[in-house]
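To start, the structure under review is shown below, and the notes come after it.
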Amino acid sequence: GKNRRQSRSTYALYLASAYGAQAGRLSLIAEVCRAYFSLEGINSRLATNYDTLASRERSLVIAEKRFRGGLTSKLEVKQAEVELASSRATIPQAEQLQLAAENQLAILLGEPPRHIILSSTLEDQYIPAQVTAGLPSTLLERRPDIMQAEQQLVATSEAVGVATARLFPSITLTGGLGYQTEEFDDFFEDEGEFWIAQVDIAMPLFNAGARRAQLSAAESRFNQARLNYEQVVLQALREVSDSLNRFYKSGESLQAQLALQKASREYLELATKRYRNGVLSYLDVLDAQRQLFDAQIAVSRAREGQLSALVALYKALGGGWDPVAFHQRLEERES
């Protein structure tokens, strides 16, 4: 069985390499998705910066008109100028982040760094309300890194059998004078005298220590592969649990930030009306503007965070959470 087990070991190594390539493709898909959503998030926050800058410019114009009309003091004009300068200061850094994100996405796509115009925004992305992770047994069939570790375990197991077989002498039988026995049991009988037996006994005898050491090394590699397989499975289960928790918690965070953004926008509208009626000071309007700006940035980050969590869950589940679609893809590859 030495050659048979050697063949099985080699085939298992081939499968492990194939699953390793599949795991590499899965990681690349996840990285492209993360880079895409990251760029969308940066674009969203940059758009918020531009809108805030335009709003601060309008506020400065209003403050100057009110000052010239004698309705306010020079202090409000200076406050508006400070807020406008602060908004302008955020633009270069945001544009720098945008360029870096575009270059990163281009490199992942195998293209030279360039300006990338996205066809969608964070708000356009579909986020499922629920994700079914499935049972751990189905997870073992989805994750290519688990299947890779499994085939490596199979390969090392078969290698132990090969090393064990090498401890025994190998017998090569060749027929002579056109005569052949009917049964192997007759090999050492007189009627089998025309067989020529090449018995390779000297090699195992003289190299018994080395071959026992090879067997011990093969057993050690098998134990190492077994421990690696167990670790990969446990790591996969942890990643699924963490990703599921992160996905749902990020969704809760997004809803909370959306509620805060709505309240901040209503507060700004009310503060602006009361300021124009002379009830509130300009400082109250500036405070409301800051709160809305912070809320909009937080919503963008929360939405990007949930999409990032969705990508992590996709990768943790071995390429998605639809078992039907997974098996269809598997059947297509096999066909």
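Applying the Karplus relation 6.51 cos²θ - 1.76 cosθ + 1.60 with θ = phi - 60° to segment 114-128 yields 3J(HN,Hα) values of 7, 6, 10, 9, 7, 8, 8, 10, 4, 5, 7, 6, 7, 10, x Hz, where x marks Gly and Pro. I'd like to know which of Asn277, Leu258, Tyr248 lies farthest towards the positive end of the charge dipole of segment 240-298, counting +1 on Cβ of Lys and Arg and -1 on Cβ of Asp and Glu. Value computed over the given set: Asn277.
Length gain on complete extension for the stretch Arg290 to Ala129, per 0.36 nm per residue less the alpha carbon to alpha carbon distance?
Contour length minus the Cα-Cα distance gives 54.8 nm.
Using a Förster radius of 22 Å, what is the FRET efficiency between Asp51 and Tyr248 based on their Cβ-Cβ separation? Nearest 0.05, please. That pair, Asp51 with Tyr248, gives E of 0.10.
Could you sort out which of Lys65/Lys262; Lys74/Lys262; Lys249/Lys315 sit more than 23 Å apart by Cα distance in this structure? The answer is Lys65/Lys262; Lys74/Lys262. Look at the dipole of segment 1-160 built from charges on Cβ: of Tyr19, His115, Ala155, the Cα furthest out on the positive end belongs to Ala155.
Can you tell me what percent of all Cα-Cα pairs in segment 1-154 are more than 27 Å apart? More than 27 Å apart: 57 percent of the Cα pairs in segment 1-154.
Given a 1.4 Å probe and the protein chains as shown, Val131 ends up with an accessible area of around 10 Å². In segment 1-63, a dipole from Cβ-located charges (positive for Lys and Arg, negative for Asp and Glu) runs towards its positive end, and of Ile29, Tyr50, Val61 it is Ile29 whose Cα lies farthest in that direction.
The values are calculated or read from the model by the stated rules, or taken from the named source; none is laboratory data. Owing to the predicted nature of the structure, the values given are computational and were not obtained by experimental measurement. Note that each Cβ is placed from the backbone with ideal geometry, even for glycine, and that neighbours are counted across all protein chains shown. For the accessible areas, the whole protein counts, side chains as well, though only heavy atoms, and no ligand, DNA or RNA atoms are used. Shrake-Rupley method; radii C 1.70, N 1.55, O 1.52, S 1.80 Å.
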